[in-house]
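Working notes, structure below.
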Amino acid sequence: MKDTIERTNRFYIEMSRKVLSEKEYEILQSLLIEKMTLQQTAVLYGVTSESIRQIYQKTYDKIKSVTELLGEIDRYKVKLQQLKYDYKCATGQIKKRASKKKEEPEIYKTIYESPFPFSKRMYSFFEVMDIHTIGQLAEIPLEKFGNFRGFKQQCKKELIAFIEFENIESLFKGFSLWKKLPIE
């Protein structure tokens, strides 16, 4: 459990790097990763522990507001995808799928809502491919992933781990066979 918390802390700190100043990032690194106390961190930066606490609180508030904004953006992206799907169904471009009650929430869940610790490479891959929901990911046949630029063995391992972590193997046709095959 402790290892999971450390990995999660490291993941969120790394995700926050673009939002934080160098000093804020280093202070978070010291407190959450290196497990330094407020006093130790204060001595390191030559300020009071109250100053470190205030910087930590300010940083926490900044990250929280950015995270909420990103969550809102993700909800709007899912809503947009649903509207596009509904439009295509209404205009007859595609037929409406028969929905299974269990799978439906998983299809609309955004990839970013998952607690799975993706690498920067996978997040970049999802952005380039314009994949935001699990449903969009499941629409791509597994065999085609090897054709995408940058999708190598490490990405395949990570995608397999994600699919198993979320327990969504049923959404991917031929998953059990594909995960055993080498990347081409």
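The values are calculated or read from the model by the stated rules, or taken from the named source; none is laboratory data. None of these values were measured; they are calculated from a predicted model. Methodologically, a virtual Cβ is constructed for each residue, glycine included, from the backbone with ideal geometry; neighbour enumeration extends over all protein chains shown.
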On the given criteria, is ARG97 surrounded by fewer than 17 Cβ atoms within 10 Å (Cβ to Cβ), of a type in the set (Lys, Arg) and modelled with pLDDT under 85?
yes
GLU50 vs. criteria part of a helix (DSSP H, G or I), in contact (Cβ under 8 Å) with a residue 24 or more places away in the chain and acidic (Asp, Glu):
no
The number of residues in region 59-69 that are surrounded by 13 or more Cβ atoms within 10 Å (Cβ to Cβ) and of a type outside the set (Ser, Thr, Tyr) is 3
